[in-house]
Amino acid sequence: MKPARIRTIAIGIFRKDDCIFVAEGYDPAKGETFYRPLGGSIAFGERGQQALARELHEEIKVEATNLRYLGTIENIFTYNGQAGHEIVLVYQGDFADKAIYKKTMVFGYEDGGGAFKAVWKSLDEFGAHSPAHSPLYPQGLLELIMKEWK
């Protein structure tokens, strides 16, 4: 068992009309498909914006522009039966290559080599009032986005 630790990460909100760009994940312990913006761990001596830009380049080979800080979310969660704790810096930005806005799906690769797919999902598909009720993680992110986009 890994020792408990708090992980600090940066994630990016990229918007196309009423949709955001998110990675699709699956928690086998819960039997749940969920969505989460792309991003990852902040390295020692690295700023959140730099970490997000690096992660996007490593995972899906894209550049981000106009990154601006939206807020911080403390995320205490369980994934695949394991407890996790993250401090999440949330940024909003644009993709430099506008072609990504026309794609319906992009495949990417985690640092450890695991593949994932990222898609554009309407904000209407998230939350308790949505018929699809797709979870958007971290918890509290939907509220942060909605507050920003009002």
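Computed from the coordinates by the stated procedures, all read-outs in this text should not be read as laboratory data. Computed from a predicted structure; not experimentally measured. Every residue, glycine as well, gets a Cβ built from its backbone with ideal geometry; the counts of neighbours run over all protein chains shown.
State, as an integer percentage, the relative contact order of the chain based on alpha-carbon contacts under 8 Å between residues 6 or more apart. Write down the numbers at each step before the final one.
Numbers: 286 pairs, mean separation 41.9, N = 150.
So the answer I get is 28 percent.
Could you give me the ³J(HN,Hα) list for the range 67-80, computed from phi with Karplus coefficients 6.51, -1.76, 1.60 and θ = phi - 60°, whole Hz, x at Gly and Pro?
Using θ = phi - 60°, the values come out as 6, 9, 6, 9, x, 10, 10, 8, 10, 10, 8, 10, 10, 6 Hz.
Give the Kirkwood hydrodynamic radius (Å, one decimal) of the range 7-149, defined as one over the mean of 1/r across all pairs of different Cα atoms.
Across the range 7-149, the inverse of the average 1/r is 15.4 Å.
Using the Karplus equation 6.51 cos²θ - 1.76 cosθ + 1.60 (θ = phi - 60°), what ³J(HN,Hα) coupling, rounded to whole Hz, does each residue of the range 8-23 give in order, writing x for Gly and Pro?
9, 10, 10, 10, x, 9, 10, 10, 9, 6, 9, 10, 10, 8, 9, 8
Skipping prolines and chain starts, which residues have an amide H placed within reach, meaning under 5 Å, of the one on G127, given they are 5 or more residues away or on another chain?
Amide H neighbours of G127: S134, L136.
Mean residue ellipticity at 222 nm from the helices of the chain, using -39,500 (n - 2.57) per DSSP H segment of n ≥ 4 over the full residue count, to the nearest 500 deg cm²/dmol?
Details: 2 runs with 22 residues, N = 150.
That calculation yields -4500 deg cm²/dmol at 222 nm.
Take the alpha carbon gyration tensor of the range 78-118, find the square roots of its eigenvalues, order them as a ≥ b ≥ c, and report rounded if a/c is under 1.5; if not, report prolate when a/b exceeds b/c, else oblate.
Working: a/c = 2.85, a/b = 1.59, b/c = 1.79.
Oblate.
For K147, list the aspartates and glutamates whose Cα falls under 15 Å from its own Cα; do not include residues on the same chain fewer than 8 positions away.
Filter leaves D18, D124.
On a full-extension model of 0.36 nm per residue, what is the gain between C19 and T78, subtracting their alpha-carbon distance, rounded to one decimal in nm? Show your work: numbers first, answer last.
Numbers: separation 59, 0.36 × 59 = 21.24 nm, distance 2.62 nm.
Answer, rounded to one decimal: 18.6 nm.
Would you tally the net charge around Q139, using a Cβ to Cβ cut-off of less than 12 Å, leaving Q139 out, and scoring K and R as +1, D and E as -1? List each step's numbers first, then the result.
Values: positive: R36; negative: E74, E86, E143.
Taking every Cβ under 12 Å from that of Q139, the sum is -2.
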